[in-house]
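J.: Here it is, the structure, as structure tokens.
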Amino acid sequence: MTRTLFLTRHAKSAWNTDAPSDHARPLNTRGQRSAEALGHWLRALPIQPDQVISSSAQRTRETYDLMGLSAPATFSERLYHATPEILFDTLRNAEVPSVMLLGHNPGLMQFAHQIVKHPPAHSRFEDYPTGATLVLEFPIDDWTSLQPGTGRVLDFVVPRELLGE
């Protein structure tokens, strides 16, 4: 048996808004297009997330909504700018075989680097730009057995590739 992880950074957010806080910042127009493109790409994959565990920030909520996934989402304040340790702990407590973690850098990028066995041969993996999505498979029966450095990369994409930019 295996477990599958979709590790997604929120799409591009707006900086010139009247949002009262960083947590409340929405996506910009490019981010909205990117989230929709990610959704089309994800829905075409042979495996889909069974659950999305996301930061509670406005930009992660919008990213999830615009992706149009059928998986239910849980929005957690704990994942807002979460450290790799919090992401690891969150995933180890997951109960479904296929999970999407939707969050922020730098924690998401650091977690991605820690969890892969061999990084993808992609120039943007190192900096994990907005909308970057890594799909990994783990040779485990349940998430409690998760160990660092064991994820086999199935795919990695950034929205600019999907939008032809």
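J.: What do you reckon, is Pro120 more than 16 Å from the chain's Cα centre (by Cα) and assigned to a loop (DSSP other than H, G, I, E, B)? Walk me through how you get there before you give the answer.
T.: Working: more than 16 Å from the chain's Cα centre (by Cα): no; assigned to a loop (DSSP other than H, G, I, E, B): yes.
No.
J.: Does Thr90 satisfy the condition of being surrounded by 21 or more Cβ atoms within 10 Å (Cβ to Cβ), assigned to a helix (DSSP H, G or I), β-branched (Val, Ile, Thr) and touching a residue at least 12 places away in the same chain (Cβ under 8 Å)? So that I can check it myself, show each step before the final result.
T.: Numbers: surrounded by 21 or more Cβ atoms within 10 Å (Cβ to Cβ): no; assigned to a helix (DSSP H, G or I): yes; β-branched (Val, Ile, Thr): yes; touching a residue at least 12 places away in the same chain (Cβ under 8 Å): yes.
Considered against the rule, which asks whether it is surrounded by 21 or more Cβ atoms within 10 Å (Cβ to Cβ), assigned to a helix (DSSP H, G or I), β-branched (Val, Ile, Thr) and touching a residue at least 12 places away in the same chain (Cβ under 8 Å), Thr90 comes out as no.
J.: Just to be sure I understand the filter: pairs with C-beta atoms under 7 Å, separated by 6 or more residues or on different chains, first member in the stretch 42-56 and within 14 Å of Thr90 (Cβ to Cβ), second member among the acidic types (Asp, Glu). Which pairs pass?
T.: Matching pairs, first to second residue: Ser56/Glu77.
J.: For Pro106, indicate whether it is free of Cβ contacts under 8 Å to residues at least 60 places away in the same chain, within 22 Å of Glu77 (Cβ to Cβ) and in contact with a His (Cβ under 9 Å, 6 or more places away or on another chain). Give the derivation first.
T.: Values: free of Cβ contacts under 8 Å to residues at least 60 places away in the same chain: yes; within 22 Å of Glu77 (Cβ to Cβ): yes; in contact with a His (Cβ under 9 Å, 6 or more places away or on another chain): yes.
Yes.
Results for (1) closer than 25 Å to Ile86 by Cα; (2) at pLDDT below 95; (3) crowded, with 19+ Cβ neighbours inside 10 Å; (4) in contact with an Asp or Glu (Cβ under 7 Å, 6 or more places away or on another chain), shown as yes or no for each residue.
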residue	(1), (2), (3), (4)
Thr17	no, yes, no, no
Ser54	yes, no, yes, no
Tyr64	yes, no, yes, no
Ala73	yes, no, no, no
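J.: A further question on this structure: What are the residues in the stretch 11-20 that are hydroxyl-bearing (Ser, Thr, Tyr) and over 23 Å from Tyr128 (Cβ atoms), if any? So that I can check it myself, show each step before the final result.
T.: Within the stretch 11-20, the subset hydroxyl-bearing (Ser, Thr, Tyr) is 13, 17.
Within the stretch 11-20, just Thr17 meets the criteria.
J.: Being within 17 Å of Gln51 (Cα to Cα) and either buried (at least 20 other Cβ atoms within 10 Å of the Cβ) or among the aromatic types (Phe, Trp, Tyr) (or both) is the requirement here; does Leu134 meet it? It would help to see each step written out before you state the result.
T.: Working: within 17 Å of Gln51 (Cα to Cα): yes; either buried (at least 20 other Cβ atoms within 10 Å of the Cβ) or among the aromatic types (Phe, Trp, Tyr) (or both): yes.
Against the criterion (within 17 Å of Gln51 (Cα to Cα) and either buried (at least 20 other Cβ atoms within 10 Å of the Cβ) or among the aromatic types (Phe, Trp, Tyr) (or both)), Leu134 qualifies.
J.: Moving to a separate point now. Of the residues in the stretch 123-138, how many are among the aromatic types (Phe, Trp, Tyr), in contact (Cβ under 8 Å) with a residue 60 or more places away in the chain and assigned to a loop (DSSP other than H, G, I, E, B)? Let's see the steps before the verdict.
T.: From the stretch 123-138, those among the aromatic types (Phe, Trp, Tyr) are 125, 128, 138; that's our starting set.
Checking the rest, the ones that are also in contact (Cβ under 8 Å) with a residue 60 or more places away in the chain come to 128, 138.
Narrowing the set further to residues that are assigned to a loop (DSSP other than H, G, I, E, B) leaves 128.
Of the residues in that region, 1 qualify.
J.: Run Asp141 past the list (1) acidic (Asp, Glu); (2) within 30 Å of Asp22 (Cα to Cα); (3) in a loop (DSSP other than H, G, I, E, B) and report the number of the one that doesn't hold.
T.: Failed condition: (2).
J.: Further question on the same structure: Identify, from the list Pro49, Pro72, Pro26, Pro84, the residue that is in contact with a strand residue (DSSP E or B) (Cβ under 7 Å, 6 or more places away or on another chain) and within 22 Å of Asp127 (Cα to Cα).
T.: Numbers: Pro49 fails: within 22 Å of Asp127 (Cα to Cα); Pro72 fails: within 22 Å of Asp127 (Cα to Cα); Pro84 fails: in contact with a strand residue (DSSP E or B) (Cβ under 7 Å, 6 or more places away or on another chain).
Result of the check over Pro49, Pro72, Pro26, Pro84: Pro26.
J.: While we're on this one: Filter the stretch 1-37 down to the residues that are assigned to a loop (DSSP other than H, G, I, E, B), within 24 Å of Glu137 (Cβ to Cβ) and among the polar types (S, T, N, Q) and list them by number.
T.: Across the stretch 1-37, the qualifying residue is only Thr2.
J.: Let me ask something else. Those residues that are under 13 Å from Gln147 (Cα atoms) and of a type in the set (D, E, K, R), I need them from the stretch 63-96; list them, please.
T.: Of everything in the stretch 63-96, those that are under 13 Å from Gln147 (Cα atoms) and of a type in the set (D, E, K, R) turn out to be Glu85, Asp89, Arg92.
The values are calculated or read from the model by the stated rules, or taken from the named source; none is laboratory data. Since the structure is predicted, the reported quantities are computational estimates derived from the model, not experimental observations. Heads up, the Cβs are rebuilt from the backbone with ideal geometry, glycines too, and the neighbour counts pull from every protein chain shown.
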